There are 2 protein chains.
Amino acid sequence: MLYPQPIQDLVEELAKLPGVGPKTAQRLAFFLLNMPKGEAELLANAIVNARSHIRYCSECFNFTDSDPCAICRNPSRDAAWVMVVEHPKDVVAMEKTREFKGRYHVLHGAISPMEGVGPDDLKVRELINRINAAAPREIVLATSSSLEGEATALYLARLLKPMGFKVTRIARGLPMGGDLDYTDEMTLAKSLEGRQDI
Amino acid sequence: MLYPQPIQDLVEELAKLPGVGPKTAQRLAFFLLNMPKGEAELLANAIVNARSHIRYCSECFNFTDSDPCAICRNPSRDAAWVMVVEHPKDVVAMEKTREFKGRYHVLHGAISPMEGVGPDDLKVRELINRINAAAPREIVLATSSSLEGEATALYLARLLKPMGFKVTRIARGLPMGGDLDYTDEMTLAKSLEGRQDI
């Protein structure tokens, strides 16, 4: 054994984090050991605290420390405008634009036959129940434009449109600041397909 | 505020880790939130446990959970053969070669006038006291071959040789500017084998 057991344990736990290999785990462990004890405990407490206080919002299934979440109980957010996203981090990304004034629905994943993730593994049933009750004016599908995200959007569109809802998909095209030259064919094809009057 | 406070706190604490920017901190935080609660707590406990049980060995100043450390109290390790290294991670790297059968002395840094680190900031006095008491047969200087590591080796050689000790420096099989930590075992083993009088 190269390390004393408590260091070994710490390295092993850190190595479970995404993108953290054995070398990075060792570096993080030694960094934590060299930190003032109080500061290392701040991190430990933040983990325990987040895990015990954060749960899903019963409306939108975003992470929240109070139910319903801050967005769902905000009366200035349009309850009739619902954006469907894959992950809580997508809510953060969209909120940074300050452009969307509606509410969210977090699926917690995307349909992926490869990984054995079907609609029943996502918050799809919850979405149906919610929109059946609230009858939104528009549902924006803002899943990612990966294979899984596109498949999920297609699945939801086919499910929701026959129910009479207006369903839209966020535009896919050239990113701002992007060169045509450095953009892949799929994206360029989408940007042509989605062209609009100017 | 984009996140509920407990997530905000967790992201901020994670972002204090080396090599972890705001984006990675967010990714780690969401990963921890998606982990089973027990597993996230394993990490938190490992941090607290390591910080409370790990201290410096009073002999060699390596990290240890028992004093003296496993190496210093191992009777099959040659107490008259002392290797001086900068960091605990360097002990781990050298131990992986299985070539060194002596004991270590961890300086916890290297002399760096640029960063205001002098001999008094390192475990140099402790090294002097220790070798004065134990009179080792040989002291191997295994600081890194960075500017600071070389300066530290030179400083220690000038200090220890007039005291009558045999002082050696690991061979420059080590690439210049390289850390022990990032060098493969073969190179480290060669550098031990090719050590020369200094």
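Being away from chain A (no Cβ under 12 Å), of a type in the set (Gly, Ala, Ser) and within 24 Å of B:THR183 (Cα to Cα): is that true of B:ALA79 here? It would help to see each step written out before you state the result.
Details: away from chain A (no Cβ under 12 Å): yes; of a type in the set (Gly, Ala, Ser): yes; within 24 Å of B:THR183 (Cα to Cα): no.
For B:ALA79, the condition - away from chain A (no Cβ under 12 Å), of a type in the set (Gly, Ala, Ser) and within 24 Å of B:THR183 (Cα to Cα) - is not met.
Just for region A:24-44: of the residues that are assigned to a helix (DSSP H, G or I) and more than 8 Å from chain B (Cβ to nearest Cβ), which one is modelled with the highest pLDDT? Steps first, answer last, please.
At the first step, the residues of region A:24-44 found to be assigned to a helix (DSSP H, G or I) are A:24-34, A:37-44.
In the following step, the residues that additionally are more than 8 Å from chain B (Cβ to nearest Cβ) were identified as A:25, A:34, A:38.
Values: A:ALA25: 94, A:ASN34: 89, A:GLY38: 88.
Per the criteria, the residue is A:ALA25.
Among the residues that make up region B:124-136, is at least one of them charged (D, E, K, R) and either farther than 20 Å from B:PHE165 by Cβ or in a loop (DSSP other than H, G, I, E, B) (or both)? Lay out the reasoning, then the answer.
Of the residues in region B:124-136, the ones charged (D, E, K, R) are B:125-126, B:130.
From what is left, the residues that are either farther than 20 Å from B:PHE165 by Cβ or in a loop (DSSP other than H, G, I, E, B) (or both) are none.
Scanning region B:124-136 turns up no residue that is charged (D, E, K, R) and either farther than 20 Å from B:PHE165 by Cβ or in a loop (DSSP other than H, G, I, E, B) (or both).
A:GLU39: surrounded by 15 or more Cβ atoms within 10 Å (Cβ to Cβ) and not assigned by TED's automatic domain parsing to the domain that holds A:LEU127, yes or no?
Working: surrounded by 15 or more Cβ atoms within 10 Å (Cβ to Cβ): no; not assigned by TED's automatic domain parsing to the domain that holds A:LEU127: yes.
In short, no.
Condition check ((1) closer than 17 Å to A:ASN34 by Cβ; (2) touching a Lys or Arg at 6+ places or on another chain (Cβ under 9 Å); (3) small (Gly, Ala, Ser)) across all residues:
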{"position": "B:SER76", "(1), (2), (3)": "no, yes, yes"}
{"position": "B:VAL85", "(1), (2), (3)": "yes, no, no"}
{"position": "B:LYS96", "(1), (2), (3)": "no, no, no"}
{"position": "B:GLU99", "(1), (2), (3)": "no, no, no"}
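Tell me, please, whether a residue that is outside the structural domain of B:ARG125 (by TED's automatic domain parsing) and over 21 Å from the mean Cα position of the chain (by Cα) can be found in region B:44-62.
yes
Exactly one condition in (1) farther than 19 Å from A:LEU127 by Cβ; (2) over 15 Å from the mean Cα position of the chain (by Cα); (3) outside the structural domain of A:LEU14 (by TED's automatic domain parsing) is not met by A:GLU95; state its number.
Only one criterion is unmet by A:GLU95, namely (2).
Of the residues A:GLY109, A:GLY173, A:GLY102, A:GLY194, which is touching a residue at least 12 places away in the same chain (Cβ under 8 Å), out of contact with any helix residue (DSSP H, G or I) (no Cβ under 8 Å at 6 or more places or on another chain) and surrounded by 15 or more Cβ atoms within 10 Å (Cβ to Cβ)?
Working: A:GLY109 fails: out of contact with any helix residue (DSSP H, G or I) (no Cβ under 8 Å at 6 or more places or on another chain); A:GLY173 fails: out of contact with any helix residue (DSSP H, G or I) (no Cβ under 8 Å at 6 or more places or on another chain); A:GLY194 fails: surrounded by 15 or more Cβ atoms within 10 Å (Cβ to Cβ).
When all the criteria are applied, what remains is A:GLY102.
Inspect region A:51-72 for any residue being of a type outside the set (D, E, K, R), part of a helix (DSSP H, G or I), facing chain B (nearest Cβ under 10 Å) and within 22 Å of B:HIS87 (Cα to Cα) and give the result as yes or no.
Among the residues of region A:51-72, not one is of a type outside the set (D, E, K, R), part of a helix (DSSP H, G or I), facing chain B (nearest Cβ under 10 Å) and within 22 Å of B:HIS87 (Cα to Cα), which makes the answer no.
With among the aliphatic types (A, V, I, L, M), in a helix (DSSP H, G or I) and within 17 Å of A:PHE61 (Cβ to Cβ) as the only criterion, which of A:ALA110, A:ALA189, A:ALA93, A:ALA157 stands out? Write out each step before concluding.
Working: A:ALA110 fails: in a helix (DSSP H, G or I); A:ALA189 fails: within 17 Å of A:PHE61 (Cβ to Cβ); A:ALA157 fails: within 17 Å of A:PHE61 (Cβ to Cβ).
Result of the check over A:ALA110, A:ALA189, A:ALA93, A:ALA157: A:ALA93.
Which residue is surrounded by the fewest Cβ atoms within 10 Å (Cβ to Cβ), if the candidates are limited to region B:4-16 and must be facing chain A (nearest Cβ under 7 Å) and either farther than 21 Å from A:PRO88 by Cβ or over 29 Å from the mean Cα position of the chain (by Cα) (or both)?
B:GLN5
The values are calculated or read from the model by the stated rules, or taken from the named source; none is laboratory data. Keep in mind it's a predicted model, so treat the numbers as computed, not measured. As a convention, Cβ positions derive from the backbone with ideal geometry for all residues, glycine included, and neighbour counts pool all protein chains shown.
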